[in-house]
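Read the figures in this text as sums done on the coordinates, not as results from a lab. As the structure is a prediction and not an experimental result, all values here were calculated from the model. Cβ: placed from backbone, ideal geometry, glycine included. Neighbour counts: every protein chain shown.
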Amino acid sequence: MSPRAGQLLPGPCRTLVNRPGRGRRTVAQVAACLEALGPRPPARALEVGCGGGAVAAFLAGARNMEVVATDLDPREARVALDRRPPGARLHVAVMDAARLALAGGGFDLVVAQHMLHHVPDWQGAVREAARVLRPGGHLIWIDLALPRWAAWLLAPFAGRIGVFTRAEVEAAFAGAGLRVRQRRRAGVLHRLVLEKTGE
C-alpha cells in the first residue's frame, strides 16, 4: 500500500511520539478509560495507529487481551512488534486506519489514541473503527479536537492531516453508531469512551 501524504510521521515527530514518558502517560489514560467499561474486561482489542506500541503491549501483557495493533508506518509497526511482552497475544500489521483489512464485528475494544489528527480521511477511520467493533463493544478515543477558529485556520492543511472540532468528531462517532459513555477534557485534549449501539 502506498501511504498518502501526511500519514507517515517525519523523524522528529516519531521521536516525540515514542518517548518513554509519553507512552507511560498514554497507558495511564487508557487504563483509566478501561475502568469505565465495568468488571467484564474486553477479550479482543484493536489499536489503530499504534505508533511505538506502548498501549498495545499494555493491553496484551498487563490486561491479557488478544491484541491486533496497526500502523500505516512500517517503522512504527516494527517498534511495536519489538515491544511485545513474552508470551503475549499481540499481532502487528501495517494498515491504513481508514481502510482496515479486518472483518467486521471482530473486536470487543478499539483504541485510537493520539492518531486521528494524523489521518486526512479521519471520518473514514471513524467508520472503520465502528465497523470492526461488535455491537456493545467500546471505542476509547484520546486526541486533539480543535476550537472552531483553529480548525478554520488549519483548513488549508486538511488534505494532509485530520482537522476537526469536538462537535465534528462527536457527530462522526454518532453517525457511525457510537454513543458517548464517558467524556473527559483537558484543553484541546479530549478523551471519550464510546459504545457501539446494537444492530
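The table that follows gives values for the structure above.
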| quantity | calculated |
| --- | --- |
| Residue check for F173: surrounded by fewer than 19 Cβ atoms within 10 Å (Cβ to Cβ) and among the aromatic types (F, W, Y) | no |
| Qualifying residues in the range 116-161 (those that are within 13 Å of the chain's Cα centre (by Cα) and acidic (D, E)) - the one surrounded by the most Cβ atoms within 10 Å (Cβ to Cβ) | E128 |
| Top-ranked residue in the range 183-198 [being in a loop (DSSP other than H, G, I, E, B) and touching a residue at least 60 places away in the same chain (Cβ under 8 Å); ranked as nearest to the chain's Cα centre (by Cα)] | T197 |
| Residue within the range 181-193 that is of a type in the set (A, V, I, L, M) and surrounded by 19 or more Cβ atoms within 10 Å (Cβ to Cβ) present | yes |
| Residue identified as in contact (Cβ under 8 Å) with a residue 24 or more places away in the chain, touching a Gly at 6+ places or on another chain (Cβ under 8 Å) and either under 25 Å from P41 (Cα atoms) or of a type in the set (D, E) (or both) among G136, G177 | G136 |
| Residue satisfying condition, being closer than 23 Å to G53 by Cβ and part of a helix (DSSP H, G or I), within set H117, H138 | H117 |
| Scope the range 74-108; condition surrounded by 16 or more Cβ atoms within 10 Å (Cβ to Cβ) and closer than 21 Å to Q123 by Cβ; matching residues | M95, D96, A97, A98, L100, L102, F107 |
